[in-house]
Amino acid sequence: MVLLTVQMDRKMNKEPENKNQADLKLIEEISNGNKEAFKELYEKYIRQVFSFVYKISKDSKLTEEVVNDTMFEIWRGAGNFKGNSAVLTWIFGIAHNKTMNELRKKRPEALDPEEFSRFASSDETAEEIVVKKDRSERMNEALSELSPEHRTVLELTFYNGLSYQEIAEIMECPVNTVKTRMYYAKEKLKESLGRYGINQEEL
């Protein structure tokens, strides 16, 4: 049983590594002008990047522009990738910087300094579906009250499963800053959820 657990752990550790190796190969091909490699990387991550940007900006038009700019930057700057992080971390970093730059132009007041545990997870009755939908809408309202920086740490941690170190690389800040933002993000979210009548136990 112990041997099986060790083997499973090794397999799980290798999967992200193998995935990044495949991404590195694509980046190398893209840097040489390979359009098929770019298409493959685009199709692999476009949904994830779009979701990431939209959850920070809450603006469909801005999201579309930022995602297009991000993908163009990947095509144009693949040769500049140093390989010091995972390819997806690099992509998120580009998308994050572009998103924050656009938000600073449009909504500078939304970027408070430090202000926010878990997220919502059988058959359901019609009533249960309606209740869940209502709770989901209230959850989104609560999340929209957070600053873009705080939405970013929550999104990258809970939805994308990134480590604090990876998030620090994306946001270009110290790991301790990420931890501080996460603390305030949870506190603020808890406060907002309370105003919308959602208890943590419901999530």
XL table 19/188; 82/190; 19/55; 39/61; 105/179; Cα-Cα > 32 Å flagged, in table order, is 19/188; 82/190
Mean 1/r over distinct Cα pairs of region 36-106, inverted to a Kirkwood Rh in Å, yields 12.3 Å
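Readers should treat all values here as calculations from the given coordinates under stated rules, not as data from a laboratory. Since we're looking at a predicted model, the values are computed, not measured.
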